[in-house]
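The values are calculated or read from the model by the stated rules, or taken from the named source; none is laboratory data. Treat the numbers as computed from the prediction; the structure is a model and nothing was measured. Methodologically, a virtual Cβ is constructed for each residue, glycine included, from the backbone with ideal geometry; neighbour enumeration extends over all protein chains shown.
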Amino acid sequence: MLTKRQNLVEVMKGGNPDRFVKQYEAFAMMMKTPITRIKPPIGGEIVNEWGVTVRWPKGQLGAFPVHDPEHIVIKDITKWRDVVKMPSVECSEESWAIAIKEAEAVDRNDQYVTVFVAPGIFEMTHYLMSMEEALMAYYEEPEAMHELIDYIVEFELKLAKEFIDHLHPDALFHHDDWGSQINSFISPEMFKEFFEPAYKKIYGYYKDNGVELIIHHSDSYAANLVPSMLEMGIDIWQGVMTTNKVPELIKQYGGKITFMGDIDSGVIDFPGWTREIIGENVERACKECGKLYFIPGASQGLNVSSFPGVYEATDEEIDRMTSFMF
Amino acid sequence: MSKIDEVKAKVEIGKSKLVPGLVQEAIDEGNSPEEILQAMVESMGVVGEKFSRGDIFVPEMLIAAKAMSKGVEVLKPLLAGDGSSKLGTCIIGTVEGDLHDIGKNLVSLMIESAGFDMVDLGVDVPAEKFVEAIKENSNVKIVACSGLLTSTMPAMREAVATIKASGLKGFKVIVGGAPVTPEFAAEIGADAFAPDAGPAAVKAKELAIA
């Protein structure tokens, strides 16, 4: 039997996998680093590393930035330098001890040591200035937006160096939501101008420094951005929702990029979830997408679910499909 | 090209710095403020259709709406009547338990552009707050409930049920959002469903005029 890592490689290269990859099983996620982004506790609020107030109200599935006049960081994009300050990524060696120990304990023949970065360049722009203002600014103040993006890229490269120097990761799991369920937030042309160079630089740096795999999370529609994803060097697009018509994407791009998802979290991960609903959706995804260039999994990012038991049940249903299809 | 056609064209492509001047020129040319306003409303209708087709994206819709609002600022002092819109008031909010607002904000922009006065209740709106808002505002013609999460669909059901059970009359309820379907809208007793911002404005206008 192939190891989890070997099996994933077979899926990605169009070779001979011996089973479906079960969601994140091939990735040993390094989440306890001193530079992992901070999030508020459920029901709480924090001011994050960039000065953005982030709240996680009880009953919500995630945290949200606060953009009322009192809390918004960038009020005038032309004066962004006055208010946006890059957080330091320098931390004591002691603070890296837990993550280093975890990385060293991973059998790299079995799994990729995988570092995690969030929220991402696009999301950071609207964390700092609100979604509407950011989206209008791409038209109204493009130079300022380019400068802001370059600044955030500079930060991400510093972050990357710390991860690489301390953990020697094999893979990067990078979050940045680029669309709604039905379309990308910005046009492919605008995306190509503002974000393709940024990510090419970041992902290129990781790959030049030993990272083999770039997994990009965007639980959205983003089929129109796949050409840019290829240009950036993304190996796996995680979070690909059914609205993207994943089987068609696989036909068109399989061999150049692997798709991870096709099971929308909103359909399987809710308070009244059942094994039957999960089973139906896993079966459909596996049968329609096939064994190559595809990893079945919930669209939500990371190896967790919003409601207890869903992630594990999804894994079990993927095992069931392996027993039928392999 | 007439000045009104120029106004229409520039609103459609979001030239908010040019539109105020062009609106003034259209006024100086002898066009009534109401005609110019209607022209801008039509532009936003085109924008809504293009957005629904996927020909344009959120930034293009936002800058078009901003261009129109800049044009309306020039017209407002000149528009006849008591300042309230011909179409009435629309109350909009994202239902309880849901903090997503970008879709709701786009719908609000488009419905306002169509000629409504907007009362935006924000996000995470309890059912009773929709009812309170109907009572507190005059000439309410549309109540729009938005939701992005499958897990907050029960809250949308409750919002519509509470609004309908209130006994208040004279308005219609539209629902929308990513997990909302026409079948779900009908099941929960909403008067209409809209898949996104463009059709929402069209439907709101239809319901207000009917």
Open item on the list: Among the residues that make up the stretch B:120-137, is at least one of them polar (S, T, N, Q), away from every other protein chain (no Cβ under 14 Å) and in contact with a strand residue (DSSP E or B) (Cβ under 7 Å, 6 or more places away or on another chain)?
Closed with: yes
Task: Output for the stretch A:187-207, where each listed residue is in contact (Cβ under 8 Å) with a residue 60 or more places away in the chain and in a loop (DSSP other than H, G, I, E, B) - done: A:Phe195
Task: Residue satisfying all of: in the stretch B:138-150; within 14 Å of chain A (Cβ to nearest Cβ) and in contact with a Ser or Thr (Cβ under 8 Å, 6 or more places away or on another chain); farthest from A:Leu61 (Cα to Cα) among these - done: B:Ser146
TODO: Might you check whether a residue that is under 13 Å from B:Ala197 (Cβ atoms) and within 14 Å of chain A (Cβ to nearest Cβ) occurs anywhere in the stretch B:63-78?
DONE: yes
Task: Enumeration of residues in the stretch B:11-43 that are farther than 21 Å from B:Pro77 by Cβ, out of contact with any Lys or Arg (no Cβ under 7 Å at 6 or more places or on another chain) and not acidic (Asp, Glu) - done: B:Ile13, B:Lys15
Open item on the list: Quick check on the stretch A:208-220. Is at least one of its residues over 15 Å from the mean Cα position of the chain (by Cα) and outside any loop (DSSP other than H, G, I, E, B)?
Closed with: yes
Open item on the list: It is to be established whether one or more residues within the stretch A:122-144 are in contact (Cβ under 8 Å) with a residue 12 or more places away in the chain, of a type in the set (Val, Ile, Thr), closer than 16 Å to A:Arg37 by Cα and touching a Pro at 6+ places or on another chain (Cβ under 9 Å).
Closed with: no
- [ ] State whether the residues of the stretch A:131-153 include one that is farther than 27 Å from B:Asp101 by Cβ, part of a helix (DSSP H, G or I) and either at pLDDT below 95 or within 17 Å of the chain's Cα centre (by Cα) (or both).
- [x] yes
Open item on the list: Suppose the filter is assigned to a helix (DSSP H, G or I), within 13 Å of chain A (Cβ to nearest Cβ) and surrounded by 20 or more Cβ atoms within 10 Å (Cβ to Cβ); does B:Ala26 pass it?
Closed with: no
Task: Filtered residues of the stretch A:262-279 (kept if in a helix (DSSP H, G or I) and either at pLDDT 95 or above or more than 9 Å from chain B (Cβ to nearest Cβ) (or both)) - done: A:Ser265, A:Ile268, A:Arg275, A:Glu276, A:Ile277, A:Ile278, A:Gly279
Task: Sole residue being within 14 Å of chain B (Cβ to nearest Cβ) and either crowded, with 21+ Cβ neighbours inside 10 Å or of a type in the set (Lys, Arg) (or both), chosen from A:Tyr139, A:Tyr112, A:Tyr127 - done: A:Tyr127
Task: Considering residues of the stretch A:165-176 that are free of Cβ contacts under 8 Å to residues at least 60 places away in the same chain and in contact with a helix residue (DSSP H, G or I) (Cβ under 7 Å, 6 or more places away or on another chain) only, the residue nearest to the other protein chains (Cβ to nearest Cβ) - done: A:Asp176
- [ ] Would you be able to say whether some residue in the stretch B:40-62 is surrounded by 15 or more Cβ atoms within 10 Å (Cβ to Cβ), in contact with a strand residue (DSSP E or B) (Cβ under 8 Å, 6 or more places away or on another chain) and not assigned by TED's automatic domain parsing to the domain that holds B:Glu112?
- [x] yes
Task: Flag for A:Thr53 being among the hydroxyl-bearing types (Ser, Thr, Tyr), under 19 Å from the mean Cα position of the chain (by Cα) and either exposed (fewer than 15 other Cβ atoms within 10 Å of the Cβ) or modelled with pLDDT of 95 or more (or both) - done: no
- [ ] Would you be able to say whether some residue in the stretch B:37-60 is β-branched (Val, Ile, Thr), touching a His at 6+ places or on another chain (Cβ under 7 Å) and either part of a helix (DSSP H, G or I) or within 12 Å of chain A (Cβ to nearest Cβ) (or both)?
- [x] no
